[in-house]
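The values are calculated or read from the model by the stated rules, or taken from the named source; none is laboratory data. This is a predicted model, so every value here is computed, not measured. Cβ placement follows ideal geometry from the backbone for every residue including glycine, while neighbour counts extend to all protein chains displayed.
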Number of protein chains: 2
Amino acid sequence: MLEPVAQRTTVYDVAERAGVSIATVSYTFRQPDRVRPETRELVLRAARDLGYVPSGSARGLANGRSQALGLYAFDMFLPSDLSAPRRSLDELVQWELDGLGNVRRFPLYVDEIQRGFELEARRLGRSVMLGSGASRDSLDSIDLAGSVDGLAIFPGAAARDLLEHVGRGVPVVIFSSPPMNDALHHITVDNEGAVRDLVDHLVDRHGHRSVAFLGELAAPDIGARFAGFQAALAAHGLPVPEEPFDTTVLTEDSLRTLRDAITSGDLPDALVCATDQLALTVLDLLAQHGVRVPDDVAVTGFDGIIAGRLSDPTLTTVRQPFASMGRLAVRILTDTAAGLAHPKSYVLPTRVVIGGSCGCG
Amino acid sequence: MLEPVAQRTTVYDVAERAGVSIATVSYTFRQPDRVRPETRELVLRAARDLGYVPSGSARGLANGRSQALGLYAFDMFLPSDLSAPRRSLDELVQWELDGLGNVRRFPLYVDEIQRGFELEARRLGRSVMLGSGASRDSLDSIDLAGSVDGLAIFPGAAARDLLEHVGRGVPVVIFSSPPMNDALHHITVDNEGAVRDLVDHLVDRHGHRSVAFLGELAAPDIGARFAGFQAALAAHGLPVPEEPFDTTVLTEDSLRTLRDAITSGDLPDALVCATDQLALTVLDLLAQHGVRVPDDVAVTGFDGIIAGRLSDPTLTTVRQPFASMGRLAVRILTDTAAGLAHPKSYVLPTRVVIGGSCGCG
DNA sequence: TTGTACGCGTTATCAC
DNA sequence: GTGATAACGCGTACAA
């Protein structure tokens, strides 16, 4: 069992022990061919004896790049997960085992994008740096930006100007945010088209006439989905609502309109939800009030997260190519840093996934 | 749309523009109270104008810590995912949409541990650095170790001495590896007990007498599971095998013994698989040969991954508190760095999860 | 082939 | 309250 080193071992320590200069030590690791085999062995041995591990910070400083790519999430984690006080280990374990892996919390779409990001970064031999912060004033994202060669971000409470700020120094790509005239790279999907497909299915296949949209327009992509919803209804000659039927905010009083409609027995034929997570919440609410899906009302989601395949009924939804989005982000970041140009925005295709919630079951 | 900065803006640039010294710039960000409000404004304005983002490397170098925690995976990713050549974006997207989110690949147990790690790191305001590498000779892990304040790793092709090496410099915790007399921190579950519970269930509840264990003993935890298996059989007065019934290696010829048993119609009553992934593969193989589960043979897994809840039949298995393991790792790492002592190894509890594959359906 | 010396961008310890 | 200045650990021209 090796002794831990008291203080960080540096090139100087290794050099001294090996009886060479620090340059030789550095060369031994970076350009082994430049040093005579015997010297090399000497250095490697000394390094091993001393438990030498080169400082990433120092290397990053010296050659200007950290070889790391950053991925930043704002408040994607549910409040109960993030701001929870430090619980005892026992409590954590019991809580987790009791919950037995709640699919409603993980994996969410963010996690799928992240996985693609990780895989591609790994393929390119780069490490990934994960950051997250809650408040929009938080400078966490700036901190992260200072440590990576490129940064990918999820939309959220992200102060726009803050992003523009960091975007001046390192390439930045933002997910699920429609193309804009800013300095950032955008990766989105064809939200309008996807929702149109969904509505066509509900109308053509199931003959629904009264179709409602639920979702919070604040999020950038949701706006596009609602626009697609409106366009689809118009194309079918159906009345086009000015606003979503209901919106969700994370309060006790959420989904008020829907609750009222349930109570009054005045539900639309179908509920087009802006996200799978919302759709699942809606399913819960409906079940809770004895409303049957899809018999009494059809429901659709958006994203294609795993939880939607475990619900009852399973969710009819639109699948986004999340992993590919993550991979693409890495490519944009590395290519850009290497001088290769990329379009300022990518719009990827999606695919409708038929589940039981639309009535196809 | 702001101009990107040609070269990295530094404290010097900001200082010059604000007409102050670099010390004042630094203070403005780190100890705002120490500088006069007017000066502060001056500096902040200059920083904003110049798109200043402090260098993480320089900061890390200067104060000795990066505030980042590392998580390293060896070859957890499936070959097809990692060493794939650079495919075109279109190919990637189509491939992904056709696959529609293959739960067999994600999320695996590694991902669940990672999530816990991320959540706790976030709670503590630390960023996470992800690394991975394939070969055991690879120095990637050392690279990562040099950039973080603490490192957590998954077992794998990890050269033991390599880990000991990095362990001398920064605290290291290793998952799913039984306690050893090394310098590392270990986090495991009660593998023996868990498998014992499983076997008890198969024997007591379902009356199975001929129970077989499938798994590759190479992985550290698997050995403990097999030991628990042997102990359980002994306790029931049943014959105790010296070795696993079959092992899996990632070759075409894998699961040979099982294949033969299927062909000869000489299957055991129950197949206790060392992991869920193996159990799912076994389910596939059995189905492929027309063997019904659990009617013809019972199958159990280990881990409690999500894919096991989506299979048909669903998997009877043992759930590990993955997220808690990840969280615990972060606590060990940060506490250790702060001078607080932690036990060199933790053994967490598990829970049996009854699915349909054991016959309880 | 190896050694010397400087720069990378911050932080922090001093004086002022 | 603010300004010089010395680390921090490594990479690399340049010199030897």
Residue satisfying condition, being under 22 Å from B:Gln230 (Cα atoms), touching a Cys at 6+ places or on another chain (Cβ under 8 Å), small (Gly, Ala, Ser) and surrounded by 14 or more Cβ atoms within 10 Å (Cβ to Cβ), within set B:Ala279, B:Ala274: B:Ala279
Pair list, Cβ < 7 Å and 6+ apart or interchain, from segment A:24-48 residues that are within 25 Å of A:Gly60 (Cα to Cα) to residues that are near DNA strand D (Cβ under 10 Å from one of its atoms) and not in a helix (DSSP H, G or I): A:Phe29/A:Pro54
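Looking at A:Val297, A:Val347, which is the one that is closer than 15 Å to A:Leu258 by Cβ and surrounded by fewer than 24 Cβ atoms within 10 Å (Cβ to Cβ)?
A:Val297
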From the options B:Ala183, B:Ala227, residue that is of a type in the set (A, V, I, L, M, F, W, C), in a helix (DSSP H, G or I) and touching an Asp or Glu at 6+ places or on another chain (Cβ under 8 Å): B:Ala227
Filtered residues of segment A:315-350 (kept if free of Cβ contacts under 8 Å to residues at least 40 places away in the same chain and within 9 Å of another protein chain (Cβ to nearest Cβ)): A:Arg319
Selection within segment A:38-61 - touching a Leu at 6+ places or on another chain (Cβ under 9 Å) and either within 14 Å of DNA strand C (Cβ to nearest atom) or among the charged types (D, E, K, R) (or both): A:Ser55, A:Gly56, A:Ser57, A:Ala58, A:Gly60, A:Leu61
Residue among B:Asp190, B:Asp161 that is surrounded by fewer than 23 Cβ atoms within 10 Å (Cβ to Cβ), over 30 Å from A:Leu92 (Cβ atoms), more than 16 Å from DNA strand D (Cβ to nearest atom) and within 12 Å of chain A (Cβ to nearest Cβ): B:Asp161
Segment A:10-31 - residue that is away from chain B (no Cβ under 13 Å) and aromatic (Phe, Trp, Tyr) and, of those, nearest to DNA strand C (Cβ to nearest atom): A:Tyr27
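Each row is one residue, and each column tells you yes or no for (1) at pLDDT 95 or above; (2) farther than 30 Å from B:Phe154 by Cα; (3) part of a loop (DSSP other than H, G, I, E, B).
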position: B:Glu3; (1), (2), (3): no, yes, yes
position: B:Thr9; (1), (2), (3): yes, yes, yes
position: B:Val14; (1), (2), (3): yes, yes, no
position: B:Val25; (1), (2), (3): yes, yes, no
position: B:Glu41; (1), (2), (3): yes, yes, no
position: B:Ala58; (1), (2), (3): yes, no, no
position: B:Asp75; (1), (2), (3): no, no, yes
position: B:Val93; (1), (2), (3): yes, no, no
position: B:Glu112; (1), (2), (3): yes, no, no
Odd one out for A:Leu238, checked against (1) crowded, with 21+ Cβ neighbours inside 10 Å; (2) over 20 Å from A:Ser357 (Cβ atoms): (1)
Single residue of A:Ala329, A:Ala307, A:Ala235, A:Ala224 found to be farther than 23 Å from B:Val93 by Cβ and small (Gly, Ala, Ser): A:Ala235
